[in-house]
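Here's the structure, in structure tokens; my notes come after.
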Amino acid sequence: MKTVREMQFDKEKIHINMAKLKKGETTFEVVIEPESALKFKSKELTDVRECINSERIFLDARKGTAASEEELQQKFGTSDPLKVAEIIINEGEIQLTHEQREKMLEDKKRRIINIIHTNAIDPTNGLPHPVT
């Protein structure tokens, strides 16, 4: 029989996406669905409930340390977690997945190429620059 020291437990790795906002010395976090949060930030979604996983505001979401109502009231002027989540998503930093960052970078690159293609003219032949 194995002793407790000999037993090894595999920790289940859970990946969570968060939106963070630093107010003074304190960082507040909310657990989000990143794609929905981006839509909420760009005003495509209007209900913050569609992009958050929990109606709790955390000081450290990975450890599960929740912010107290007094801290929320002091820093945000309200203790309503939905209003605080809105503020954090709109004003804070949203953590994105690697695929989302790559997609955003590719979209931005395509827009820049399109602007150059439509507005710039090749001086050697007087024609617009090709997209390639």
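Computed from the coordinates by the stated procedures, all read-outs in this text should not be read as laboratory data. Predicted, not measured: the structure shown is a model, and the values here were computed from it. We place every Cβ from the backbone using ideal geometry, glycine too, and count neighbours over all the protein chains shown.
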Q | Residues listed by number, segment 74-104, amide nitrogen under 16 Å from LEU59 label point at 7 Å toward C-beta | A | 74-76
Q. So what's the Cα pair-distance distribution over segment 26-70, bin width 5 Å, in %?
A. 6, 23, 25, 21, 16, 9, 1
Q: Go ahead and set up a Gaussian network model of the chain, Cα springs under 10 Å, then flag whichever of LEU59, LEU72, LEU105 fluctuates most.
A: LEU105
**Q.** Calculated diffusion of segment 58-106, Stokes-Einstein form, Kirkwood radius summed over Cα pairs, 20 °C and 1.002 mPa s, µm²/s
**A.** 171 µm²/s
Q: Would you mind getting me the FRET efficiency between THR97 and GLN74? Use the beta-carbon distance for r and R0 = 41 Å, nearest 0.05.
A: 0.80
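Gain in length, LYS83 to ASN119, computed as 0.36 nm per residue apart minus the alpha-carbon separation, to one decimal in nm? Don't jump to the answer; show the numbers that get you there.
Working: separation 36, 0.36 × 36 = 12.96 nm, distance 4.32 nm.
Extra length available between LYS83 and ASN119 comes to 8.6 nm.
Averaged across orientations, what area in nm² does the convex hull of the alpha carbons in segment 27-132 project?
Values: hull surface 36.8 nm².
Computed as one quarter of the Cα hull surface, the answer is 9.2 nm².
Filter LYS63/LYS108; LYS83/LYS108; LYS20/LYS108; LYS83/LYS103; LYS43/LYS75; LYS75/LYS103 down to the pairs with a C-alpha to C-alpha distance above 26 Å, please. Before the final figure, lay out each step's value.
Working: LYS63/LYS108 35 Å; LYS83/LYS108 31 Å; LYS20/LYS108 24 Å; LYS83/LYS103 29 Å; LYS43/LYS75 24 Å; LYS75/LYS103 34 Å.
Exceeds cut-off: LYS63/LYS108; LYS83/LYS108; LYS83/LYS103; LYS75/LYS103.
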